[in-house]
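Everything on this sheet refers to the single structure shown next.
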Amino acid sequence: MINSHSKLFSNKGFLQILFIIAFSLNLKNTSAQISPPGLGSGHTASWLALGLRQELDPYQKWQSMTYIGLGRKSNPDNFNPLQKSGILVLNQEFYYKTKSHWKFSGAISYRNQDEYVSYAPYEHKIPSIKKEIRIYSRAAYEIKNRFFKITPTLRQEFRSFNTPQNDKWLDALQWRTRLRLKASIYLDAQKTHTIILSNEQLFATDKKLNVQASWSPMAYKESRFALYYSYSPEHIPIILSIGYMNDLIGAKHPYSLNYLAVDLVFENIFGWHENAKDELNENFE
């Protein structure tokens, strides 16, 4: 089965979008980060996201982040990151920043992910699509000066899954805990050029409805390691980030999926705040 977003974004079209955004690096200055989601088995993957981040009050305590993202990936037997459709993500998050170093957020996300069999030629499963509704919150503590920012983050997620062919509203639930440590290194005094390093571990417990009577034990699932370059202007509200992520999945027999990621974020298009620049280097996945 071919889903709607795989029809709209063929390999050629997706590659053209990546090149257009990458070329815009010579025309715009940019900085921010929308991390790739997990895409399961494969060798390589690509992730493209477009976002809007907006201050919601004159004191810059409340912010909104909205984005749409598309992921594609290779089969396990090749290295073409654009070979087949992976996921469509729609995400809305609201942030609140305290007078101290704390920052809190809450979000809701819809995800439409392709499911494939684990043997060649790696065709779609039946059913071929897994739909997810995700609700999550996070707490982050910022340690920063004019040269760098270090941010440990705790994120709690509740996820529900179903398939288009399933008559029931949902068929699986999951509670997931994510621990991340991120470092943003400013390469100039204006914070135009930034290197972002992050390391995140994910733990989860799940329950398949009508199959499991209780929740599974909380267990380690995967680790994600990312390196991004982010470029932002002083006076233009556009942020471009290009990066690499390695998703190390599993504990006993781990395997990796390697991502090339590009995201473009429009920053405060309904009111640009110069002193909000330090808030650009966020990870929104």
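The values are calculated or read from the model by the stated rules, or taken from the named source; none is laboratory data. On a predicted model such as this, the values are computed, not experimentally measured, just so you know. Glycine gets a Cβ as well: all are built from the backbone with ideal geometry, and neighbour counts include every protein chain shown. Side chains included, ligands, DNA and RNA excluded: accessible areas come from the protein's heavy atoms. Shrake-Rupley method; radii C 1.70, N 1.55, O 1.52, S 1.80 Å.
Suppose we filter ARG178, ARG159 for residues that are surrounded by 15 or more Cβ atoms within 10 Å (Cβ to Cβ), at pLDDT 95 or above and either touching a Gly at 6+ places or on another chain (Cβ under 6 Å) or closer than 22 Å to ALA261 by Cα (or both); which single one remains?
ARG178
Being assigned to a loop (DSSP other than H, G, I, E, B) and crowded, with 17+ Cβ neighbours inside 10 Å is the filter here; which residues of region 218-246 pass it?
Residues satisfying the conditions are SER232, PRO233, PRO237.
In region 190-200, how many residues are open to solvent by less than 50 Å² (accessible area, probe 1.4 Å) and out of contact with any helix residue (DSSP H, G or I) (no Cβ under 6 Å at 6 or more places or on another chain)?
Here is the first cut: in region 190-200, the ones open to solvent by less than 50 Å² (accessible area, probe 1.4 Å) are 191-192, 194-196, 198, 200.
Filter once more, keeping what is out of contact with any helix residue (DSSP H, G or I) (no Cβ under 6 Å at 6 or more places or on another chain): 192, 194-196, 198, 200.
Final tally of qualifying residues: 6.
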In region 54-80, residue surrounded by the most Cβ atoms within 10 Å (Cβ to Cβ) [restricted to those that are in contact with a helix residue (DSSP H, G or I) (Cβ under 8 Å, 6 or more places away or on another chain) and in a strand (DSSP E or B)]: ARG72
Filter result for the condition that a residue is open to solvent by less than 50 Å² (accessible area, probe 1.4 Å), of a type outside the set (Ser, Thr, Tyr) and within 15 Å of the chain's Cα centre (by Cα), over ALA204, ALA183, ALA261, ALA172: ALA261
Scan region 247-258 for residues that are under 23 Å from PHE161 (Cβ atoms), open to solvent by less than 60 Å² (accessible area, probe 1.4 Å) and assigned to a strand (DSSP E or B) and jot them down. ASP247, LEU248, ILE249, LEU257
Tell me, please, whether a residue that is at pLDDT 95 or above, outside any strand (DSSP E or B) and under 24 Å from MET245 (Cβ atoms) can be found in region 99-112. no
Residues in region 82-105 that are of a type outside the set (A, V, I, L, M), open to solvent by less than 40 Å² (accessible area, probe 1.4 Å) and closer than 14 Å to ILE133 by Cβ total 1
Any residue in region 245-256 that is closer than 15 Å to HIS43 by Cβ sitting within a Cβ distance under 6 Å of a residue that is loosely packed, with under 13 Cβ neighbours inside 10 Å? List the pairs, counting only those 6 or more apart or interchain. LEU248/PRO254
All but one of (1) free of Cβ contacts under 8 Å to residues at least 60 places away in the same chain; (2) in a strand (DSSP E or B); (3) within 30 Å of ALA183 (Cα to Cα) hold for LYS130; which doesn't? (3)
